[in-house]
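A short write-up of the structure that comes next.
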Amino acid sequence: MEPHICVIPAAGLGTRFLPATKAMPKELIPVLDRPVIQWAVEEAVAAGAGEIVLVLAEGRNELAEHLRPNPSLERILIERGKHQELEAVRRAGSLARITVARQREPRGLGDAVLCAAAAVGDQPFLCMLPDDLSIADPPVLEQLRDAHRELGTPVLALMRVPNDQISRYGCADVVETRGRLHRIRGLVEKPPAGEAKSDLAVMGRYVLTPDIFAALRQTTPGALGEIQLTDGLSALLAKGDVWGVEFEGDLLDVGTPAGWLATSIRLARNDPRFREAVSGALAMAAA
């Protein structure tokens, strides 16, 4: 079965962006002309998703509202002849069907995914963290969907990182390789550099099968009371295959202020609408 739902966990507190995120989700911070959440949904739609399940904290609806139609704003833009802006607003509000699932308290990524179980049902689904933007052709999530179509198993996004950086990520222990496809036999969350089984880091893109929900329900919370997705995936490894795709292209960080700034500058320099402005600003800064 082709996955047509994408789960996007977005219930975090955005602490790395405080105070900017005191009253606004970090996923609404813009990168160029649209917010981070829209970049994520556009990637999911390109990978075949027709429905987006946003996992949000209680009382937070801003992300869903950005992705739904806004008739009153559209009416004002029509009256004022703002046709280009009208097109942009309509696009943002019509990318996909939006469903909201609630995470009552921040209890880890695994718990956030579990909160989407009722909305997903008994079918494979896409899952992505919006902290990185996909700069790839085809987009990273689409590369994972293509691998799932071939393999029929859970599929994770993998990226090679220097050994001194592997401790920042989940690490994949690989038992078989077919080109850019790697069959995984173990996952370790943030291993010390000297103990990592490979240089393949697990990134925030997945195709998951519905048995992940039962695995997460049986996962014991860690020291902070959080349920980790890595632990749920490790449980699936005991029952069947899990593969990873060493994807082509880049995932650019927008989950930290420094990463967001670097990504914004890189994208602006490659966009004819913004190239002159950012090049001029950088030249003035270097003078």
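The values are calculated or read from the model by the stated rules, or taken from the named source; none is laboratory data. Because the structure is a prediction, the values reported are computed rather than measured. Note that each Cβ is placed from the backbone with ideal geometry, even for glycine, and that neighbours are counted across all protein chains shown.
If residue 16 satisfies all but one of (1) basic (Lys, Arg); (2) in a helix (DSSP H, G or I); (3) surrounded by fewer than 15 Cβ atoms within 10 Å (Cβ to Cβ); (4) modelled with pLDDT under 95, what's the number of the condition it fails?
Evaluating residue 16 over (1) basic (Lys, Arg); (2) in a helix (DSSP H, G or I); (3) surrounded by fewer than 15 Cβ atoms within 10 Å (Cβ to Cβ); (4) modelled with pLDDT under 95 leaves (3) as the failure.
Is it true that some residue in the range 192-212 is outside any strand (DSSP E or B), without any contact (Cβ under 8 Å) to a residue 12 or more places away in the chain and closer than 28 Å to residue 123 by Cβ?
Taking every residue of the range 192-212 in turn, none turns out to be outside any strand (DSSP E or B), without any contact (Cβ under 8 Å) to a residue 12 or more places away in the chain and closer than 28 Å to residue 123 by Cβ.
Looking at residue 234 and the list (1) within 26 Å of residue 12 (Cα to Cα); (2) modelled with pLDDT under 90; (3) more than 19 Å from the chain's Cα centre (by Cα), which single condition is not satisfied?
Among (1) within 26 Å of residue 12 (Cα to Cα); (2) modelled with pLDDT under 90; (3) more than 19 Å from the chain's Cα centre (by Cα), the lone unmet condition for residue 234 is (2).
Give the residues of the range 154-185 that are small (Gly, Ala, Ser) and either at pLDDT below 90 or touching a helix residue (DSSP H, G or I) at 6+ places or on another chain (Cβ under 7 Å) (or both), sorted by residue number.
Passing the criteria: 157, 167, 170.
Which members of the range 204-227 meet the condition of being among the aliphatic types (A, V, I, L, M) and over 14 Å from residue 115 (Cβ atoms)?
Of everything in the range 204-227, those that are among the aliphatic types (A, V, I, L, M) and over 14 Å from residue 115 (Cβ atoms) turn out to be 207, 214, 215, 223, 224.
Would you check if there is a residue in the range 113-136 being free of Cβ contacts under 8 Å to residues at least 24 places away in the same chain and either more than 24 Å from residue 235 (Cβ to Cβ) or in contact with a helix residue (DSSP H, G or I) (Cβ under 9 Å, 6 or more places away or on another chain) (or both)?
no
Pairs please, first residue from the range 6-33 and free of Cβ contacts under 8 Å to residues at least 60 places away in the same chain and closer than 17 Å to residue 61 by Cα, second anywhere and surrounded by 14 or more Cβ atoms within 10 Å (Cβ to Cβ) and charged (D, E, K, R), Cβ atoms under 8 Å, 6+ apart in sequence or on different chains.
Pairs found: 14/26; 24/62; 25/60; 25/62; 28/62.
Evaluate the range 31-39: report whether one residue or more is in a loop (DSSP other than H, G, I, E, B) and under 16 Å from the mean Cα position of the chain (by Cα).
No, because not a single residue in the range 31-39 is in a loop (DSSP other than H, G, I, E, B) and under 16 Å from the mean Cα position of the chain (by Cα).
For the condition touching a Lys or Arg at 6+ places or on another chain (Cβ under 6 Å) and surrounded by 14 or more Cβ atoms within 10 Å (Cβ to Cβ), what is the one hit in 146, 173, 132?
173
Name the one entry in 216, 129, 237 that is touching a Leu at 6+ places or on another chain (Cβ under 6 Å) and among the aliphatic types (A, V, I, L, M).
Unique residue meeting the criteria: 216.
Does the range 121-131 contain at least one residue that is part of a strand (DSSP E or B), under 16 Å from the mean Cα position of the chain (by Cα) and farther than 21 Å from residue 54 by Cβ?
no
Just checking, does the range 163-181 include any residue being assigned to a loop (DSSP other than H, G, I, E, B), within 20 Å of residue 228 (Cα to Cα) and within 16 Å of the chain's Cα centre (by Cα)?
Yes, there is a match, as at least one residue in the range 163-181 is assigned to a loop (DSSP other than H, G, I, E, B), within 20 Å of residue 228 (Cα to Cα) and within 16 Å of the chain's Cα centre (by Cα).
Take residue 101 and decide whether it is among the small types (Gly, Ala, Ser), surrounded by 16 or more Cβ atoms within 10 Å (Cβ to Cβ) and in a helix (DSSP H, G or I).
No; evaluated as a whole, the condition is false for this residue.
Could you tell me whether any residue of the range 143-151 is closer than 29 Å to residue 181 by Cβ and free of Cβ contacts under 8 Å to residues at least 60 places away in the same chain?
Yes, there is a match, as at least one residue in the range 143-151 is closer than 29 Å to residue 181 by Cβ and free of Cβ contacts under 8 Å to residues at least 60 places away in the same chain.
If you scan the range 237-287, which residues turn out to be farther than 26 Å from residue 156 by Cβ, of a type outside the set (A, V, I, L, M) and touching a residue at least 40 places away in the same chain (Cβ under 8 Å)?
257, 264, 271, 273, 274
If I ask for residues that are aliphatic (A, V, I, L, M) and either farther than 21 Å from residue 13 by Cα or surrounded by fewer than 16 Cβ atoms within 10 Å (Cβ to Cβ) (or both), which ones from the range 40-56 would you list?
Those that are aliphatic (A, V, I, L, M) and either farther than 21 Å from residue 13 by Cα or surrounded by fewer than 16 Cβ atoms within 10 Å (Cβ to Cβ) (or both): 44, 45, 46, 47, 49.
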